[in-house]
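Chemist: Structure in structure tokens, see below.
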Amino acid sequence: MKIQCACGAKYAFDLTPEMAREPVKFVCPQCGADSSEIVNQLVQQALAEQNLPAAPVAPISSVPTEPPRPAPMRLKISHAEKPAEPPPAEPAVENATSKYCSKHRGVLATEKCTVCDKPICPQCLSLFGYFCSPLCKNKAEMQGIAAPAYAGSHFAVKKQFWRKTSLIAGTVATVIALLLGIWIWYAWFGSVPHTWLSVRFADDDRAYAGSAQLAGQNQLVFLHGGTLARYDLKIQKEIWSQSLVTPAQVAAIVQAENDAHARLVAESNDRDYMRTPLPSAVERMAKISLQSALTLSISNHDIWVAAPGKLTRYDWDSGKVAQEVSSSDFNAVNGHPAGGGLFSHDNHPLDPDKVATQAQNLTLPARIALPALLGNDAHEQQLEAALRDEETRHPRTGKPPAHAVEHFDLVAGENSSAQFGVKLLQQNLVTREAMRAKPTKSALDNPNLNVTQTTAVANDILNEMQRNRGGDQVTEDESRYQVTVRISTPPGIADWTGEVTGPPELFCLQTVNVIAAGKSVIVLDKQNKKLWAATLTYDVSLHAGTPEESPYGAGPCVEHDGSLYVFDQAVLSAFDLTTGNARWHLPSVGIVGLFFDASGHLYVNTTTGNPDDIKYSRQIDITKATAAVLQKIEPASGKILWSVKPGGFVSYLSGKFIYAVQSYDPNPTDEEVLNDSLVGLQKPPYLSIVRIDPKNGRILWQHTQDRCPIDIRFDQNTIELVFKREVQVLKYLTL
């Protein structure tokens, strides 16, 4: 018998029957490994194959329990010579020992080695496959012996594991890359506005008024100047269009203007002053007057266009006139060309906010040259006033119309209407200073005047112009008025009559009617019974309205969820609608409107102004930039959840869509500038639309264009824009 140790040393010895009775002690002299146990097992197996008597092998169960020994080293055994005619082995003797694994004692074998036919167990299969040892595996590879692959081998299992791991990792990486790509595409492209429809017009068909509105499924109806049209957004085609302003109408107004000017020249004693207007200017202003007189209104498939003295309904399918409603008091519209110049030339008090905005939209060279321009401007006005023999100073006070007899107006509300009667009881007009005291030393008196002081010089010149025009004082109406609220539905409700101080106004809200006058509000229920009254800090702001009337929100009196919100010039107050108890007050100067979302949160369109802006409302400071501010308020406590400066007032709020718009056009009527010094001084027109996240006030995106729209309308994720020479619809995806 030949044996090869795992270390590579080879040994040979003869088999004798005594080996069956006396175990062999085998220790490798080369590596010192004791392989006696496996050698004796191999000897017993070899003696059994040669049909020699062998010593009985103790059963597995009789082996005494002891700590597990380390696995013996692998040996290779070969017979020195094979009997010429081995006796036939009995089946019982042949299977006596081959059913156990040659490597693992007592473990039943399930397969045989492909090379040496030794019995191997599942453990050997997991290590070497269908081989009993690496030696046989290498021999098979060298001799080209084909062997089936064992799927449960350690290497195959590990290979399959890593294959699955790689597949899963690759799939996950692909999904992540796909999601990341979709997110990048959505964040940078899909979620920002892109052009859905663009309808362009020739230069001769430019518009100065108009509107566009989505109606029906993917249908757009717009009024661009004098053109009324309907477009299908899905197929990007025009369905029909109608021209509402004709050349004959324009020619009639131009002729009327020329005739009127000729009469003025004939009647005027100063023929040099009566300059003949440019024909192009007269025609342009005629178009503007005709276009501005048209108003588009759409309800379902009813298309209405209102004109002075006439209301016309156009057919949805054909665009033809379907119905006309005329009134007897139709008056023609005459256009009047506006004067040019950097600031107003009408000798009326200047609007400080408007002047500051105009100055801040000047280019840098224009701001540096502003004092010289203003000086020339003021001198030109003085010359014109002298030529016309006009006064250089208008009266400082103005008288509002006195209502000695009570008159009634119909006031429509959210779900009801009422008649509101006003009668002047005692007129009391109070004049107060609205500008700071004139400085003792003007910036113009500085002998070391340089470029860095041009804004101070411009402020001094503008404020001096303001004083010369009578703009240093304001007149406030603190007259006593008698007011009457009359409700006709349901019948039988008695009129409510009371007295207020200051110009009154009635607001018909959902469950109450509110009378606002001066610094007071009076709340009536729908049965004309007085619920409560409150006094405010400043006069109520009466310039706002409903969200439909004002693009910047409702106000100054808004009812919502059991509360009445009232804002005056500097404070927003929340009152309990039933008792009138004040829940909270929030100081904020310049509030223009309120919005509410579906969750009941309050959004306030306000400014960065301060109380001095109210006290010195006529003071001009071209460096002051009063910014628009949007605040989200907790209605219960008045707590400011977040505040952001979006660049303009919010004009649309619905669900998750909040838009703020800022635009500027230095020459909205395309007036021909005769003074070359004004050319190129102002910044170019622009449009900026931002979308605001209602959760935190973060600006999600900003869309800009280098032109100013005539009209802009929002509808969820769709934006309709009307420009002078184009109607554009923007749209974007939203999650």
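Chemist: Rounded, prolate or oblate: which one fits segment 562-605, using the alpha carbon gyration tensor with axes a ≥ b ≥ c (rounded when a/c is under 1.5, else prolate when a/b beats b/c, else oblate)?
Modeler: oblate
Chemist: Would you mind calculating the gained length between Thr579 and Leu733 on full extension (0.36 nm times residue separation, minus the Cα-Cα distance), in nm to one decimal?
Modeler: 50.8 nm
Chemist: What do you reckon, how do Trp642, Trp304 stack up by accessible area (1.4 Å probe), largest on top?
Modeler: From most accessible down to least: Trp304, Trp642.
Chemist: So how compact is segment 626-735: Cα radius of gyration and Dmax in angstrom?
Modeler: Reported Rg and Dmax, both Å: 16.9, 58.
Chemist: Can you give the direction-averaged projected area of the convex hull of the alpha-carbon atoms in segment 478-586, in nm²?
Modeler: Mean orientational projected area (segment 478-586, Cα hull): 6.9 nm².
Chemist: Which ³J(HN,Hα) values in Hz, rounded to whole numbers, follow from the phi angles of segment 586-601 under the Karplus curve 6.51 cos²θ - 1.76 cosθ + 1.60, where θ = phi - 60° and Gly and Pro get x?
Modeler: So the Karplus estimates, Gly and Pro as x, are 10, x, 6, 8, x, 5, 10, x, 10, 10, 10, 9, 5, 8, x, 6 Hz.
Chemist: Okay, next question. Run the reach check for Lys320 against lysines, Cα to Cα strictly under 21 Å, same-chain hits fewer than 8 apart removed. What comes back?
Modeler: Lys237, Lys310
Chemist: Using the structure shown, select from Lys25/Lys137; Lys526/Lys695; Lys529/Lys695; Lys529/Lys645; Lys103/Lys158 the pairs with a Cα to Cα distance greater than 32 angstrom.
Modeler: Lys526/Lys695; Lys529/Lys695; Lys529/Lys645
Chemist: Separate question: Test of understanding: what is the full-extension gain from Arg313 to Tyr538, defined as 0.36 nm times their sequence separation minus their Cα-Cα distance?
Modeler: 76.5 nm
Chemist: Run the simple label-point estimate for Phe201 and Leu410 please: 7 Å along Cα→C-beta, distance reported in nm.
Modeler: It is 3.3 nm.
Chemist: How far is it, in nm, from the label point at Thr511 to the one at Leu108 when both lie 7 Å from their Cα along the line to the Cβ?
Modeler: 8.6
Chemist: What number comes out for the charge environment of His301, summing +1 per Lys or Arg and -1 per Asp or Glu over other residues with Cβ under 11 Å away?
Modeler: -1
Chemist: Moving on to the next point. Across all directions of projection, what mean area in square nanometres is found for the Cα convex hull of segment 507-645?
Modeler: So the Cα hull casts an average projection of 8.6 nm².
Chemist: When 1/r is averaged over all different Cα pairs and the result inverted, which Kirkwood radius in Å belongs to segment 99-140?
Modeler: Roughly 9.6 Å, rounded to one decimal.
Chemist: Given H placed on each backbone N at 1.01 Å, which residues far from Leu700 in sequence or on other chains put an amide H within less than 5 Å of it?
Modeler: Answer set, sorted by chain and number: Arg691, Ile692, Asp693.
Chemist: Okay, next question. If r is the Cβ-Cβ distance from Ala266 to Ala293 and R0 is 35 Å, what FRET efficiency results, to the nearest 0.05?
Modeler: Efficiency at R0 = 35 Å is approximately 0.75.
Chemist: Computed FRET efficiency, Cβ-Cβ of Thr174 and Arg698, R0 30 Å: what is it to the nearest 0.05?
Modeler: 0.45
Chemist: Let me understand segment 430-544 better: what is its radius of gyration from the alpha carbons, and its Dmax, in angstrom?
Modeler: Looking at segment 430-544, its Cα Rg and Dmax stand at 23.3, 78 Å.
Chemist: Mind listing the phi-derived Karplus ³J(HN,Hα) values for segment 611-618, rounded to whole Hz, using 6.51, -1.76 and 1.60 with θ = phi - 60°, and x for any glycine or proline?
Modeler: Values, residue by residue: x, 5, 5, 7, 5, 10, 5, 9 Hz.
Chemist: Provide the gained length on full extension for the span Lys2 to Ser36, in nm with one decimal, where the gain is 0.36 nm per separating residue minus the Cα-Cα distance.
Modeler: Extra length from Lys2 to Ser36 when fully extended: 10.8 nm.
Chemist: Once Rh for segment 150-259 is found with the Kirkwood sum over Cα pairs, what is the Stokes-Einstein diffusion coefficient at 20 °C and 1.002 mPa s, in µm²/s?
Modeler: The diffusion coefficient I find is 106 µm²/s.
Chemist: Another question, if that's okay. R0 = 30 Å: FRET efficiency of Trp188 with Arg163, Cβ-based, nearest 0.05?
Modeler: The value I calculate is 0.20.
The values are calculated or read from the model by the stated rules, or taken from the named source; none is laboratory data. These numbers were taken from a predicted model, which means no experiment stands behind them. Don't worry about glycine lacking a Cβ; one is built from the backbone with ideal geometry, like all the others, and counts go over all protein chains shown. Accessible surface areas use protein heavy atoms only, side chains included; no ligands, DNA or RNA. Shrake-Rupley method; radii C 1.70, N 1.55, O 1.52, S 1.80 Å.
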